[in-house]
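This report refers to the structure that appears directly beneath it.
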Amino acid sequence: MNATYKPYLSIIVPVYNEEENVRPLFEKIRTVCESIGKSYEVLFVDDGSQDKTFDVLSEMRGYSPNLSVIRFQENAGQTSAMAAGFEYAQGEFIISMDGDLQNDPADIPQLLEKLDEDYDLVCGWRKERQDKFWTRRLPSVVANWIISKVTGVAIHDNGCSLKAYRADVIKQVPLYGEMHRFIPAMSTVVGARIAEIVVKHHPRQFGTSKYGLGRIWRVFLDILAFKLILSVFAQKPNHSRHLSTEQSLRYQMIPKYNVYRIAAYLSLPFFILGFILINVDIISAISCILLGIFLIGISLMTAWSLSIAQSDAVELSPFSSFFIYQCARRPIRSFGPIGMFVTIVGVVLIVGLPHIGPILVNSGILIFCFGLFGETIAYANAKRVVDYRVEIFLDAKTDGKRLENVI
Ligand code: UDP
Ligand code: MG
């Protein structure tokens, strides 16, 4: 890699099974970039496609000097693909967009013009979105309304991938899990100035969408976890611009209250009450003990997380790395659905087996909350987790030489 090469613009495109789309998309991007007349690079991030996407990209690379291709070992999700794009991009400004031709590269010049009015992030708004109403547009309108209320960042279309960024700002924003939908809100954590412009949107012509209704659930959990971070763990920074990464991470992890101490102290009366009640009312006794265990769990998770975030070590201890890596890979998230399931079973059983029903309801709620805390802590440590593995990096500057296992 030539470290001194710094193009004006980097376009990053995450792709997963988009074999028919990548070639026409690249041609469109190239036409637009040539018309802008500044130096540019296009970075396709192949998120472990199983179709011919990578073959097509490698072939295109043979005759396209501005094209770089990153290939992941396995599918890591759109957020990870974008995070890799931000990490590898060398341009002063960055554009991200979908690889399915639904975003239109013709919008790039307007996005850059807006950025030039001294913004750090310009979001595309798919005002005339060309997707199905019930499964796409309606959930999206509701989600965006909730996100704007919860985060205080009033953007119409958080889910639109077509965005423009100042590289030095977006490179500071921690991304994890499915957080590409929270880039505007996360950017405010590092003090970014945000604008929004209406962009074009086309129906998908080739290939299929990678998301089903399951995303509604995931976005819901993300919103809750994000709110927890801002309200309990983190002090929302004033909007001073360009904090260093270290500062912004530390800032996020200063708890307003000593969450872990309060949780540990609170658990004690619940344990005592639980044991007193064992012979009086077994359901209340078990509920109290469960609550005590839950509070101790939260206390430990918070304390570990803080000790990691406040230490300068980028290397995690084996125990924490297991815990946090597992969070990033999302099994913690499955506590959410498990908690919901147990709660529903409990509610159903309250009629038939009144002794077990309430215990299940309580356990379910606690499992759910535990999962949510796990999510929150994973968020808070996001920057310390590498959530993807690069298999091949075809860098535009190395004349086709493959840099294998660069991470
Ligand atoms: N994508 C990805 N990894 C995934 C899922 C999607 O890189 O695990 C890419 C996908 O190839 C596309 C973009 O993310 O370029 C948006 O996905 P999609 O079009 O399926 O989402 P929708 O437009 O339906 O919201
Ligand atoms: Mg799409």
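Observations on the structure shown:
- Residues (open to solvent by less than 10 Å² (accessible area, probe 1.4 Å) and modelled with pLDDT of 90 or more) located in the range 148-160: D157, N158, C160
- T188 more than 29 Å from D51 (Cβ to Cβ) and hydroxyl-bearing (S, T, Y): yes
- Every residue from the range 69-82 that is away from ligand 1 (no atom under 12 Å from the Cβ) and of a type in the set (A, V, I, L, M, F, W, C): V69
- For the range 77-97, the candidate set comprises residues that are outside any helix (DSSP H, G or I) and away from ligand 2 (no atom under 16 Å from the Cβ); within that set, the residue that is most open to solvent (accessible area, probe 1.4 Å) is E92.
- Scanning the range 338-360 for residues that are open to solvent by 20 Å² or more (accessible area, probe 1.4 Å), farther than 20 Å from F220 by Cβ, free of Cβ contacts under 8 Å to residues at least 40 places away in the same chain and in contact with a helix residue (DSSP H, G or I) (Cβ under 6 Å, 6 or more places away or on another chain) turns up V345, L349, I350, I356, L360.
- Positions within the range 129-156 being in contact (Cβ under 8 Å) with a residue 12 or more places away in the chain and within 11 Å of ligand 1 (Cβ to nearest atom), in sequence order: R129, Q130, D131, T135, P139, S140
- When restricted to residues that are under 29 Å from W304 (Cβ atoms) and not polar (S, T, N, Q), the range 334-359 contains 9.
- Residue within the range 50-68 that is within 11 Å of ligand 1 (Cβ to nearest atom), at pLDDT 95 or above and in contact with a strand residue (DSSP E or B) (Cβ under 6 Å, 6 or more places away or on another chain) present: yes
- Test for S305: is it at pLDDT 65 or above, within 23 Å of the chain's Cα centre (by Cα) and over 29 Å from P269 (Cα atoms): no
The values are calculated or read from the model by the stated rules, or taken from the named source; none is laboratory data. These figures come from a predicted structure and were not determined experimentally. Note that we place each Cβ from the backbone using ideal geometry, even for glycine, and neighbour counts take in every protein chain shown. Heads up: the accessible areas ignore ligands, DNA and RNA and are worked out on the full protein's heavy atoms, side chains in. Shrake-Rupley method; radii C 1.70, N 1.55, O 1.52, S 1.80 Å.
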